[in-house]
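The block underneath contains the structure these notes are about, expressed in structure tokens.
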Amino acid sequence: MTVAHSSLNARRRARELAELRAPGRPVDLLVIGGGVTGAGVALDAAARGLTVVLAEKHDLGFGTSRWSSKLVHGGLRYLASGSVGIARESAVERGILLQRTAPHLVHALPQIVPLLPRTKLADAALVRAGFLAGDLLRITARTPATTLPRSRRLTAAEVLRYAPTVRSAGLRGGLVFWDGQLVDDARLVVALARTAASFGARVLTRCEVSQATGSGATLTDRLTGESFDLSARMVINAAGVWAGELTDGLTLRPSRGTHLVLPQSAFTGPTGALNAGLTVPVPGETNRFVFALPAPDDRVYVGLTDEAAPGPIPDVPQPAETEIDFLLETINSALRTPLTRADLLGTFAGLRPLLDDGTGRTADVSRKHAVLTARDGLVTVVGGKLTTYRQMAEDAVDAALTRARITVRPCRTRTLPLVGAAPRPDLDLIAAPLRLVRRYGTEAPAVLAEAAGDPAALTPIAPGTDTTLAELRYAIRHEGALDTADLLDRRTRTGLAPTTRAAAMPAAEQALAEAE
């Protein structure tokens, strides 16, 4: 697969919109929504040989998909609540991402639970039992210990090497469990969309869908205002928390998950910086934790909450003040020096598209996904988790094919590498900085080439980020970025720290001006 074959850019978008406006045969599948599920659906269908259009009102990864904890987790929480099927599905999908489809974007992350004086022996035993059950899940999912090591006990010294700002007074060691972590969730969405494009899918951002049925919809180019009708043999609604706006009889119960963005320096101590996920139990809860997770650009994400979010769905959810206080209070219970609001670089929140099952708290609502087919044939997929996007996409495409009575080749995405993917030994040989290999995989040298003899294009565009002008150029030419928000808020995550975003704006404007 060449870079150009999978490239998304303004020129390709304009050409494909013009092709769709011309009279002709209906496409096989229209996918509504450019988040991780919609991009996964487009890839699944295109890889089966279907003609596919993905229409996204805003940008790839605009909604919930970019607001996750960036974890590819094996379903421990679901196992603790008795949801064995969801837990195993998560473990299987985690292994697929780690080993086959996106090893450049996903790596193993140790998660540390420190055993502090307030941690009762019974609670520690329960966590240890859960970790052992997680090991069993990993084994049944056929993910080897060379990819995800076994859980084990840690000494106090080992805990402090992983997380040097943990309280040392009374620390009696800890527990470690290995899980998966994405370098960035929005980059996974872009990789999925580009891989779909390499199979011929038309990926159209700034393209709003209205009047959707099982046989087509009206599409509006939000850049020009032009509208046209598109006929399709199948239509899948993967609009996430907005899915209910496109179909009747669907009741969602959005749940807000909030994160804090902090500098790595706030977690640096005598033995180094935070190099593991710090996992802190929520007081009074048996199956809820707050995480501090190391992130690119020398940041740490602290999250997350699970709060009901009734009412109109905002384009960009905002954290509640009480959630910020809750996260700081919980993580501080494990730290030697408490964090304050003055330490914050930023905050972010996303809405989970949960089906309303009538339970009391959103934290108790099932994370199992659902595929629903309306009377007019419109297929809607909701619920689920980022980790299980691939299985959600496969189930949705299968349902649409069954309803339309179309026979094609089986799903291929279980073993299909995404753009940039390669076996880990091959990734280690790429002549590029590790930071770029983790973001672009085999395409890292192509990103470096965007410097075009300009060394300054390989230096950070602003204090507080490692992002370079070469990466912005690459995002415009190959990753479908159309404006500064696409560049700073999704292709890179500069925007998670507002001060850094403001400092990086001139570079984003320069990159767009160069592309004109």
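The values are calculated or read from the model by the stated rules, or taken from the named source; none is laboratory data. These numbers were taken from a predicted model, which means no experiment stands behind them. Don't worry about glycine lacking a Cβ; one is built from the backbone with ideal geometry, like all the others, and counts go over all protein chains shown.
See the values below:
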{"quantity": "Members of region 474-495 found to be of a type outside the set (D, E, K, R), in contact with a Leu (Cβ under 9 Å, 6 or more places away or on another chain) and more than 19 Å from LEU436 (Cα to Cα), listed by number", "calculated": "LEU482, THR484"}
{"quantity": "Residue in region 378-392 that is basic (Lys, Arg), in contact (Cβ under 8 Å) with a residue 60 or more places away in the chain and either under 25 Å from ARG299 (Cα atoms) or assigned by TED's automatic domain parsing to the domain that holds ALA102 (or both) present", "calculated": "yes"}
{"quantity": "From VAL176, VAL159, VAL209, residue being in a strand (DSSP E or B), β-branched (Val, Ile, Thr), over 16 Å from ALA55 (Cβ atoms) and in contact (Cβ under 8 Å) with a residue 12 or more places away in the chain", "calculated": "VAL176"}
{"quantity": "Those helices (runs of 4 or more DSSP H) lying entirely in region 1-104 with at least 1 residues of a type in the set (D, E, K, R), crowded, with 18+ Cβ neighbours inside 10 Å and in contact with a strand residue (DSSP E or B) (Cβ under 7 Å, 6 or more places away or on another chain)", "calculated": "10-21, 84-96"}
{"quantity": "Conditions (1) surrounded by 21 or more Cβ atoms within 10 Å (Cβ to Cβ); (2) of a type outside the set (Val, Ile, Thr); (3) within 19 Å of GLY61 (Cα to Cα); number of the one not met by ALA470", "calculated": "(3)"}
{"quantity": "Subset of region 73-117 (residues that are touching a Ser or Thr at 6+ places or on another chain (Cβ under 7 Å) and within 20 Å of TYR162 (Cα to Cα))", "calculated": "HIS73, ALA108, GLN111, ILE112, VAL113"}
{"quantity": "Test: residue in region 398-409 that is closer than 14 Å to ASP44 by Cα, surrounded by fewer than 24 Cβ atoms within 10 Å (Cβ to Cβ), of a type in the set (D, E, K, R) and not assigned by TED's automatic domain parsing to the domain that holds GLU479", "calculated": "yes"}
{"quantity": "Search result, residues across region 307-336 that are over 25 Å from THR165 (Cβ atoms) and part of a strand (DSSP E or B)", "calculated": "GLU307, ALA308"}
{"quantity": "Any hit, region 30-38, residues being of a type in the set (Ser, Thr, Tyr), under 30 Å from LEU260 (Cβ atoms), in contact with a helix residue (DSSP H, G or I) (Cβ under 6 Å, 6 or more places away or on another chain) and modelled with pLDDT under 95", "calculated": "no"}
{"quantity": "Boolean, VAL290 is in contact with a Lys or Arg (Cβ under 8 Å, 6 or more places away or on another chain) and in the same structural domain as PRO110 (by TED's automatic domain parsing)", "calculated": "no"}
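Results for (1) among the aliphatic types (A, V, I, L, M); (2) surrounded by fewer than 16 Cβ atoms within 10 Å (Cβ to Cβ); (3) touching a residue at least 12 places away in the same chain (Cβ under 8 Å); (4) touching a Phe, Trp or Tyr at 6+ places or on another chain (Cβ under 7 Å), shown as yes or no for each residue.
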residue	(1), (2), (3), (4)
VAL419	yes, no, yes, no
ARG424	no, yes, yes, no
LEU429	yes, yes, no, no
VAL437	yes, no, yes, no
GLY441	no, no, yes, no
ALA444	yes, no, yes, no
PRO455	no, yes, no, no
GLY464	no, no, yes, no
